[in-house]
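As structure tokens, the structure follows; a few thoughts come after it.
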Amino acid sequence: MSEPNFFKTPDSVSLRDIASWAEAEILRGDETLVVTGVAPLEDAGSGTLVFFDNTAYLDELQATTAAACLVGRKHKDKVPDGVAVLVCADAYRSWAKVLARLFPEAMVPKDTAAAAISDRAVIDPAAALEENVTVEAGAVIGAGAEVGAGTVIRANAVIGQGVKIGRDCVIGPNCTVQFSVLGNRVYLHPGVCCGQDGFGYAMGPQGHLKVPQVGRVIIQDDVEIGANTTIDRGANRDTMIGEGTKIDNQVQIGHNVVVGRHCVLVSQVGLSGSCTLEDFVAIGGQTGVRGHVTIGMGAQVAAVSVVSDDLPAGGRYGGTPAKPVKQWFREVAALRKLAERGGGS
């Protein structure tokens, strides 16, 4: 059985072009040098481009036989002789820019064929689709739904009644979108569920009385949401996801949550109802955020933490409950010393 190559091998490009795309300076090497591909440090060979920004991989860098390396100025002297050096402000960001030029289809995978609506899709006559919309087999689009030009609805996705989806979006296979409004260039990976009931019950000895959830989900432009993430619609106001936010796989976002612009949520984060994340907040994997708390602009929370109270803007936090990282590290060190003393008695 032949091994498939899912992404087309890029055309050969000059080092000069690579430097232009990466906003890098050619510190060493011939600008006419031809780059034929990319590779990790340990697998790189003649003609390939690599990047280096983590000293944990210093041995791999020093052994590489790559043609050229993107590297920050502080690491430029670590690149071995014979490898062209492209110095940039942030090697990883420059790497991302170059890959986007070499493999544009990997940014948001779309079919190269012309837009088409499968005869095995089910589209209500009262739905409105602009030009160049693709709807794959098994997809269902409900009455009153609107889909903007250039959007792709993948196989078996369900778009509920009245849902609004902007232009150049991708709704992945088996996604469910209901009671929601999506902006432009929104990318939902497979299995995302968006707009279902929030978890709202009036609990009591007579049983748990369901509270109707009458809000929506609003997702602004350029948001990307990972596979099997769930976003509940608001109870009495909207659940909001701000523009440019990136959400990993298997994240849970409860009702009435407000996520600001350009936030980052890593896998298995859980946001309880009515919490607020201001712009540029970053939260590590498996962290839980209690309902009704606010995390200030630009704050960063370490993985496997619990946020139980408001966190001020701009700080770095971690632990259970989350606290400033310096305090958290001191507490961890003190507990370790206490355990060591106890073990020796």
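The values are calculated or read from the model by the stated rules, or taken from the named source; none is laboratory data. Small disclaimer: the values here were computed from a predicted structure and weren't measured. Neighbour counts run over all protein chains shown; Cβ positions are idealised from the backbone, glycine included.
Do you know which residues across the range 99-121 are surrounded by 14 or more Cβ atoms within 10 Å (Cβ to Cβ) and either touching a Leu at 6+ places or on another chain (Cβ under 8 Å) or modelled with pLDDT of 90 or more (or both)?
L99, R101, L102, F103, I117, S118, A121
If only one of D53, D59 is out of contact with any Lys or Arg (no Cβ under 9 Å at 6 or more places or on another chain) and over 17 Å from K97 (Cβ atoms), which one is it?
Unique residue meeting the criteria: D59.
Residues checked against (1) of a type in the set (D, E, K, R); (2) modelled with pLDDT of 95 or more; (3) within 21 Å of E105 (Cα to Cα):
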residue: N5; (1), (2), (3): no, no, yes
residue: I18; (1), (2), (3): no, yes, yes
residue: E42; (1), (2), (3): yes, no, no
residue: E60; (1), (2), (3): yes, yes, no
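Would you check if G298 is in a loop (DSSP other than H, G, I, E, B), free of Cβ contacts under 8 Å to residues at least 24 places away in the same chain, out of contact with any strand residue (DSSP E or B) (no Cβ under 9 Å at 6 or more places or on another chain) and not hydroxyl-bearing (S, T, Y)?
No.
What number goes with the only condition from (1) touching a Lys or Arg at 6+ places or on another chain (Cβ under 9 Å); (2) of a type outside the set (S, T, Y); (3) under 28 Å from G191 (Cβ atoms); (4) assigned by TED's automatic domain parsing to the domain that holds G37 that V71 does not pass?
For V71, the exception is condition (3).
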